[in-house]
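Here's the structure, in structure tokens; my notes come after.
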Amino acid sequence: MRSYTLTGQQQPRLALAQTQDVPPGEGEVSIDLRAASLNYRDLIMTKRFKDAVPLSDGAGVVSSVGEGVSGFANGDRVVIGFMPAWVEGDINESKQASSLGAPGADGVLRDRIVVPATGLVHIPEWMTFEEAATLPCAGVTAWSALFERRPVQPGETVLLLGTGGVSIFALQLAKLAGARVIITSSSDAKLARAQALGADHVINYRTTPAWEEEVLKLTQGVGADLAIDPAGPATLNKTLAATRMGGRISLMGVLTGFDGPINTAAILEKRITLQGIYVGPVSSLRAIVATGIKPQIDQVFSFEQAEAAYDALEGAGHFGKLVIQISR
Ligand SMILES: NC(=O)c1ccc[n+]([C@@H]2O[C@H](COP(=O)([O-])OP(=O)(O)OC[C@H]3O[C@@H](n4cnc5c(N)ncnc54)[C@H](OP(=O)(O)O)[C@@H]3O)[C@@H](O)[C@H]2O)c1
């Protein structure tokens, strides 16, 4: 089978090789992969690792099942959980170690993969493999950020930053939950696309650098009930300013780095619940599939164009998700 691995360099990032098939063991399923999607995390992986098979998010067709597997049969269309060992409940170290697309848990940028059957979710007929492959990381992270601890309520205001994969899923899910959404972007064209998906208020953070003040104006000086921050150090203090007293912030991203000075007093004086988000279990993947939302795919690349797909991710011109079609 064809399989890409990380080179450990920036150009080219990927090397293509032919590798041996492995049969599924007890409780496992072999899947012929049809599509994979890219996440910002995959760029980080290219800078840190080599030799591992990249990409966490894949969908395909069951091609053989191991002993003891029930609920899945040859020909079933399935999507794979980001952490196949995190089936439900809370996370722990062994569940986290099953995160695909990292050393120790080779990912989905190849023709075939063997995973535990408990890590799979059936794809409904109306959903394409490309759409299903967008859900395991970005979709589930948006789900966790909105619903995991204090679920968003109808009429609440949700603040979203940027129009990447997680933010656009969060926009779609927040509207489905009856919330009012304020979303920011560096691009007016992307903001227009967000409005077409139901965003109630849009702010260009390039032309309005004090976007947190704009959020306060839009909420009569109160602030958002829930903010989802994908950027971290450069945005969190502004996100704190834009969130209401007693509100909550789901911190889930590192777009502006991994550490920085944070206004800790604002967290306690405003009694903010600051919750760390790390993707979510297979049960949340099943839940998001069941909502019927249509994933927003910006561009689909062929397997041979995988390197170009990474270039597009790095260029950040996309709205929603970038996908690689592995086979038809
Ligand atoms: N904790 C977790 O479980 C988890 C899961 C998934 C992702 N993440 C993290 O979440 C972040 C987003 O991931 P993704 O896959 O959705 O990324 P993505 O699709 O690559 O999103 C990139 C977009 O983020 C926006 N952005 C960049 N810098 C920004 C800033 N300073 N302020 C506001 N928006 C900014 C831009 O949107 P515009 O072009 O509209 O400006 C950019 O196009 C990444 O750091 C990723 O590692 C974490």
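List of remarks:
- Scope the stretch 53-68; condition surrounded by fewer than 21 Cβ atoms within 10 Å (Cβ to Cβ) and of a type outside the set (D, E, K, R); matching residues: Val61, Ser63, Ser64, Val65, Gly66, Gly68
- Total residues in the stretch 253-264 satisfying the condition of being assigned to a helix (DSSP H, G or I) and either acidic (Asp, Glu) or within 16 Å of the ligand (Cβ to nearest atom) (or both): the figure is 0.
- Pairing each residue of the stretch 223-251 that is assigned by TED's automatic domain parsing to the domain that holds Pro154 and of a type in the set (Asp, Glu) with any residue that is within 12 Å of the ligand (Cβ to nearest atom) and not in a helix (DSSP H, G or I), provided the two are 6+ apart or on different chains, yields C-beta distances under 9 Å for Asp225/Leu159; Asp229/Leu159; Asp229/Leu161; Asp229/Thr235; Asp229/Ser250; Asp229/Leu251; Asp229/Met252; Asp229/Gly253.
- Residue in the stretch 257-266 that is aliphatic (A, V, I, L, M) and touching a strand residue (DSSP E or B) at 6+ places or on another chain (Cβ under 8 Å) present: no
- Test: residue in the stretch 48-65 that is of a type in the set (Asp, Glu) and at pLDDT 95 or above: yes
- Checking Val114 against (1) touching a residue at least 40 places away in the same chain (Cβ under 8 Å); (2) assigned by TED's automatic domain parsing to the domain that holds Thr239, the condition it does not meet: (2)
- Subset of the stretch 265-309 that is part of a helix (DSSP H, G or I) and among the hydroxyl-bearing types (Ser, Thr, Tyr) - its residue that is surrounded by the fewest Cβ atoms within 10 Å (Cβ to Cβ): Thr291
- Residue that is nearest to Phe319 (Cα to Cα), among those in the stretch 179-203 that are hydrophobic (A, V, I, L, M, F, W, C) and in a loop (DSSP other than H, G, I, E, B): Leu197
- Residue match in the stretch 174-197 (condition: modelled with pLDDT of 95 or more, buried (at least 21 other Cβ atoms within 10 Å of the Cβ) and among the polar types (S, T, N, Q)): yes
- The set of residues in the stretch 22-57 that are farther than 20 Å from Gly164 by Cα and either free of Cβ contacts under 8 Å to residues at least 12 places away in the same chain or of a type in the set (Phe, Trp, Tyr) (or both) comprises Arg48, Phe49.
The values are calculated or read from the model by the stated rules, or taken from the named source; none is laboratory data. Note that the coordinates shown come from a computational prediction; the quantities given were computed from them, not determined experimentally. Please note: Cβ atoms are built from the backbone with ideal geometry, for glycine as well, and neighbour counts cover all protein chains shown.
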